[in-house]
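The values are calculated or read from the model by the stated rules, or taken from the named source; none is laboratory data. All values derive from a computational prediction rather than experimental measurement. Neighbour counts run over all protein chains shown; Cβ positions are idealised from the backbone, glycine included. Please note that ligands, DNA and RNA were not included when accessible areas were found on the heavy atoms of the full protein model with its side chains. Shrake-Rupley method; radii C 1.70, N 1.55, O 1.52, S 1.80 Å.
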Amino acid sequence: MVVAASKKTWTPFISSAPGKAILFGEHAVVYGKPAVAASVDMRAYALVTPRHDGLMHLVFPDISVDTVIRSSDIPSKEQTEVLLHPGDVAELLPPSLLKPEGAGRTAVMTFMFLCSALLTQQHREQGFSICVRSLLPVGAGLGSSAAFNIALASALLRLNGLVDRADSTEERELVNKWAFKGEQVAHGTPSGIDNSVATFGGFLQYTKGTAPVQLGSAHYLRVLICDTRVPKSTKALVAGVRVLRDAHPDAIDSVMDAIGSISLTAARMFRNARTPADALQNHLADAVRLNHALLVALGVSHPSLERVRDVAAAHSMPAKLTGAGGGGCALALIPPSATDGDIESVIRELSVEGIRCYPTVIGGCGVKITDAIAGKSVVAWLERKNMTGNLCSISNNDFALAIARFASMPSADFGAI
């Protein structure tokens, strides 16, 4: 396969990947029960533009990263191949490149590891700029790290000619493989759920110790993601459930069985592309209420999550916590009968209490790569308003104006990509 970026002259492109939400099965998945996850159409986007000075310019404005890396700073492929774990890449990097602990440090480490493994000599010598923007809140349990890693891995795979548009199973499997390596840099021993559902899109069934099962993306669901912004500790919540199970094994195992049953039934309905939309919506409304009630029995809810449920229920939107609980996010199903006014009322009521709400869709497409938007080149589209200068001229070396425009682009504008 030969793609544009494998040539000496290539044009800017954008790769993107969605977030993820756990729809059913939280906590029960730890005990061998199935869980169902879905892609969330709140995405991370990576704009990649050429340079001709052998430098890599990283701009990640959402986590305050703006740095220039020399090709000589990138470890060789041979060096990273012998690492015991991808996260050990920090040992090979100049200390000046690494920020103190935090998302910025992890992002740079991931970039360096993937560049070492995937970047061709041509692109090391030529250089490029990459700006990553994310519409996903960091640390909210919505897969922001996986979306970043998929956007980054797919961009680098496009550069070296191994991926074109990431629209085939073969290409997506390759993206998923390298995004998982990035997740290892970030999280040590990730489950692989986040990167799998965000790479392939749609819905996914996962059972501990087995390969994830793709359920397809024939069914799209409108939801309201509500970020309570209450800090949580997944480790502490999982430990609390274990203490409860140790004290009441029969009762808690029954709860886990019930949650697993909810997941399996939902998975069967998602897998069947001919499931009527109204039947699916009605079943999921009941399943959401039941699953949340069972999670409450496990002690992992929080007053902020119950507030989301109460407000959403008043507008006929069943809601449940998504993720570990104890704060974090809730997910409310938006029925077909809901009006824009209903949705706005929920958002308004919850925003007064500091809860941020995001109307979106789950079950949509996974990773994407594009070099044209609305019939225009990426750069021409970026210069469509409020920009000056000739963005299409490579004489500016790294399309600095395009990068600047992308770095400050309003969130609403990303919907066109």
Within the range 229-275, take every residue that is of a type in the set (S, T, N, Q) and in a helix (DSSP H, G or I) and give me the one that is least open to solvent (accessible area, probe 1.4 Å). SER263
Could you check how many residues of the range 32-89 are of a type outside the set (Val, Ile, Thr) and under 25 Å from the mean Cα position of the chain (by Cα)? 26
If you scan the range 49-59, which residues turn out to be open to solvent by 30 Å² or more (accessible area, probe 1.4 Å) and at positive phi? none
Inside the range 335-371, can you point out the residues that are farther than 27 Å from ASP286 by Cβ, open to solvent by less than 50 Å² (accessible area, probe 1.4 Å) and assigned to a strand (DSSP E or B)? ILE369, THR370
Subset of the range 239-278 [among the hydrophobic types (A, V, I, L, M, F, W, C) and under 17 Å from PHE24 (Cβ atoms)]: VAL241, VAL255, MET256, ALA258, ILE259, ILE262, LEU264, ALA266, ALA267, MET269, PHE270
Just give me the residues in the range 301-324 being outside any helix (DSSP H, G or I), at pLDDT 95 or above and either open to solvent by less than 10 Å² (accessible area, probe 1.4 Å) or hydrophobic (A, V, I, L, M, F, W, C) (or both), in sequence order. ALA314, MET317, ALA319, LYS320, LEU321, THR322
Out of ASP194, ASP167, report the one residue that is surrounded by 17 or more Cβ atoms within 10 Å (Cβ to Cβ), out of contact with any Pro (no Cβ under 9 Å at 6 or more places or on another chain), at pLDDT below 95 and charged (D, E, K, R). ASP194
Regarding the range 15-29, can at least one residue be identified that is of a type outside the set (Gly, Ala, Ser), in contact (Cβ under 8 Å) with a residue 24 or more places away in the chain and under 22 Å from ILE130 (Cβ atoms)? yes
When the range 119-139 is examined, which residues are found to be open to solvent by 10 Å² or more (accessible area, probe 1.4 Å), part of a helix (DSSP H, G or I) and in contact (Cβ under 8 Å) with a residue 24 or more places away in the chain? GLN122, ARG124, GLU125, GLN126
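Considering only the range 189-203, how many residues are in contact with a helix residue (DSSP H, G or I) (Cβ under 7 Å, 6 or more places away or on another chain) and farther than 17 Å from SER144 by Cβ?
Going through the range 189-203 one residue at a time, the tally reaches 2.
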If I filter the range 100-126 down to residues being of a type outside the set (A, V, I, L, M) and more than 21 Å from GLY188 (Cβ to Cβ), which single residue comes out as modelled with the highest pLDDT? GLN126
Taking the options VAL230, VAL255, VAL243, name whichever one is over 24 Å from GLU344 (Cα atoms) and either touching a helix residue (DSSP H, G or I) at 6+ places or on another chain (Cβ under 9 Å) or not assigned by TED's automatic domain parsing to the domain that holds LEU321 (or both). VAL255
Go through the range 60-91 and give me each residue that's open to solvent by less than 50 Å² (accessible area, probe 1.4 Å), touching a Leu at 6+ places or on another chain (Cβ under 9 Å), under 26 Å from GLY139 (Cβ atoms) and not in a helix (DSSP H, G or I). VAL65, THR67, ILE69
Looking at LEU97, LEU157, LEU152 in this structure, which one is open to solvent by less than 40 Å² (accessible area, probe 1.4 Å) and modelled with pLDDT under 90? LEU97
Could you please give the count of residues in the range 197-225 that are among the small types (Gly, Ala, Ser) and open to solvent by less than 30 Å² (accessible area, probe 1.4 Å)? 3
